[in-house]
Every structure is written in C-alpha cells, then in structure tokens.
1. Can you tell me how many residues in the range A:142-154 are within 24 Å of residue B:94 (Cβ to Cβ), touching a residue at least 40 places away in the same chain (Cβ under 8 Å) and more than 7 Å from chain B (Cβ to nearest Cβ)?
2. Of all the strands (runs of 3 or more DSSP E) wholly in the range B:59-140, which have at least 2 residues that are within 11 Å of the chain's Cα centre (by Cα)?
3. Could you please find all residues in the range B:124-141 being more than 7 Å from chain A (Cβ to nearest Cβ) and out of contact with any helix residue (DSSP H, G or I) (no Cβ under 6 Å at 6 or more places or on another chain)?
4. Only one of (1) at pLDDT 85 or above; (2) facing chain B (nearest Cβ under 9 Å); (3) surrounded by fewer than 22 Cβ atoms within 10 Å (Cβ to Cβ) fails for residue A:112. Which number is that?
5. Look through A:92, A:121 and report the one residue that is in contact with a helix residue (DSSP H, G or I) (Cβ under 7 Å, 6 or more places away or on another chain), at the interface with chain B (Cβ under 8 Å from one of its Cβ atoms) and modelled with pLDDT of 85 or more.
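The values are calculated or read from the model by the stated rules, or taken from the named source; none is laboratory data. Given the structure is predicted, the values throughout are model-derived calculations rather than measurements. Ideal geometry is used to build each Cβ from the backbone, glycine not excepted, and the neighbour counts take in all protein chains shown.
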C-alpha cells in the first residue's frame, strides 16, 4: 500500500496530535504527494518557493551552487527528513539559496509554505520543532564549513568515502571523480590525484565501476 | 545613566511585554550585566555554556577556530544584537563550537541559558523570535561560506574592506595584514599580495596606520 499524505504527516511530525483538528485538516488540504526522477531538480533552480518537504522515499541532496557552477554538498535528506530551506521564501530571515536535487527516484510530500507558516505561528510545539530542525541544519552546514575550510583534502576525501559507503551500504562507491569533486567543492584533478595516492597505498581500488574500499582500517588513519 | 538589565531586556526583546510578570521577573533575576576588555574571550575557549547574550555596547566577533588556530569570522555582534550560540549548550541540535571575542571594550547582559530556554518553551512569541534569530545567523553563516568557497579572493578582500570601513565609519581600516587574513580564513602573504596589487592600482594606500580606501568607485568593480 502506498503511503497517503495523512500517513506521512502523522508519522513524521511529532506535534501532529497536538494540532487542532482544523489545523490538521488545513495542512492535509494543502499537502500533496509528488515524485521526482533521479537527477531532477526539486528546488532552487527554477522554483524559488517550492514549499515544505518531507521525504517519503529516496534521497535528496542540498547544495550551494556558485554562479560559475561550482557546487558543495551541505546535507542529504533521507526518508522522514524535512526540508525547510525549500520553504525559505516564507521563513523570515532565511535568505540564502540552496539547491535541492533528487539523487535517486524520490517521493516527497509538499506543503504550501504560507499555510505551513500560518499553522506554525499558532502552535508553539510546532515552533519549537521548527527551531530545532533549523538548528540541526545549521549545525550540519557549519560542520561542512569547518571541514571545507580547515581540513586537509586527504581527510575530507577519506571522510567522504566512508560516508558514501555507509549511505550506499556497499564497499563500492559508484561516482565519477567529477561527481566527487562537485560534492566536495573541489576540482576533478584534485580528486583524481588523491584517489591515485590512496590506490597506490592499497587503501582503495579505482576502476570504471567506481571506488572500492579495500583497507578501511588504514584509510581510517586519515580521519 | 548606565543601562540596567531591565532597560536592556525590555528595549531589545520585542516579546517582553507579552511575557507574564512572573516570567519577566525570572529572566531579570537570572540576568546580569558584564563587561569584557578589548581582545578578551567571551565564549568558546574556556567557557562552554556562557548563556544568552545581548550586546549593550561595544562589539563582539563570532568565529570558527580550527585545531591549528586558523580562524574565520562568521559574524559581528553590535549593540542590541543577540548571541544565541553562546547558549547553544541548552539549545537542542546546535552542536558546533563557535568562539566569541570582544573586539572592543564591550558590555553585555548575560542570561542563564536553562532559565532562558525554560521561559522560551512556554512563550510562543519568544519561540518565533528565536527561530527567526537562528535563521538570520544561519543565513549570515551561509553567506560567509559562499563567499569563502566560491568567490575569488580579490572580491572577498574588497568586500571586507568596504564592510570594515562602514563598521569603523572611517576610510582607514586599522588592521594588520595578519588580522585581515584571520578574518578571511586566509594567509598573511595572500592578503599582502592582493593589497599590494590594489595599491598599485591606486585603489588603496597601505601604510603603518592601516589600509586607506582611496578610490571607492573603482574598488567597487571588484564586488
């Protein structure tokens, strides 16, 4: 049985039962299920005010995009994760542009941002929840910033390989050097050079299929 | 007449009048005035849970600090600005460490973070206010991140010179190249080289006193 909007909102939002029946009805009326094919843009390229998103299945990637097309991944959104940035048009003081793409075929619920904001403003539990959700994203973004600004590239790449391997639940990371560079806000050449070094040390195997972790124990020394 | 804690809280916090008289009393009892000499650390080096801060006078700088001592300025706090990061120990989901120093002699009010959080949780207007304050800091931090990751250094330095000049209300920025490098998360040599280039173009004058903006119009081309 595919999930309904009610299934999603009632199971993901911890304050759902505390809303008035009228507020619940309003949210349900202004929320719809939507699917995106792998690789398609969900928010930030054309659409500037997408709405409040809950991921039902699949995976979204939120990243910063420079005018020249340079990217850096800020966070990933998996099942049951919220995306508030895509509703930033109505969230006061959120003024930066983040781009959100579907990394796999992805199903989401999408709530009208004005409705979401209005219901939130009359429900303190929802405000606390939003404040905490924004804080969590803020912390993730600052972590990425610290990594990017302060860490040496060998450490960042090793860290990325472990994260991807966990995310894909596989020893092999099926990404091109170009794609890894985009995730890390680096250049393809820099990624290729470091992977070649890791390979020469016997830590990973680089093939057409992707990058395979061979010696996790020694690769961990780089973290 | 020096300001009292009541003066500060009632004038800066827009929700003050909406709090119950008991909540106002509780906040007043757990808030104190405190002063810091120029250059001293306010939060994040020894003290991990300083509290909720409002700047009364002076100027604070919030920055990320790497293990190797590299810094990057995230934002400045001037009179009437709030610092929530210094209360992050009680704010759920804020997990990164930010360091806050006094850039000039600075007076603040400091509120016990547990009390602040408890009062907030029973006052929806205060929650909305906190959510918006955190969002504003998040946006500022992301702006810095975009600048740092995506912008060319000439643009970043020109931008910094304009900002400092506005902040100091002077054409001359009294900072060493070392200090500018710390603000921008760069190296002294990189700053000196770019300033030398700007000077050779007649845009700025570099002297022992600092950096003087000579031709704002042409320096703006770099923004």
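1. Here the count works out to 1.
2. Counting at least 2 such residues, we get B:60-65, B:71-77, B:99-102.
3. Selection gives B:129, B:133, B:137, B:140.
4. It fails just one condition, (2).
5. Just a single option satisfies the conditions, and that option is A:121.
One line per residue, one yes/no per condition, for (1) more than 16 Å from residue A:179 (Cα to Cα); (2) surrounded by fewer than 15 Cβ atoms within 10 Å (Cβ to Cβ); (3) free of Cβ contacts under 8 Å to residues at least 12 places away in the same chain:
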site	(1), (2), (3)
A:43	yes, no, no
A:48	yes, yes, no
A:51	yes, no, no
A:57	yes, no, no
A:61	no, no, no
A:70	no, no, no
A:77	yes, no, no
A:82	yes, no, no
A:85	yes, no, no
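Results for (1) part of a helix (DSSP H, G or I); (2) more than 13 Å from residue B:158 (Cα to Cα), shown as yes or no for each residue.
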| site | (1), (2) |
| --- | --- |
| B:180 | yes, no |
| B:195 | yes, no |
| B:199 | yes, no |
| B:202 | no, yes |
| B:209 | no, yes |
| B:212 | no, no |
| B:217 | yes, no |
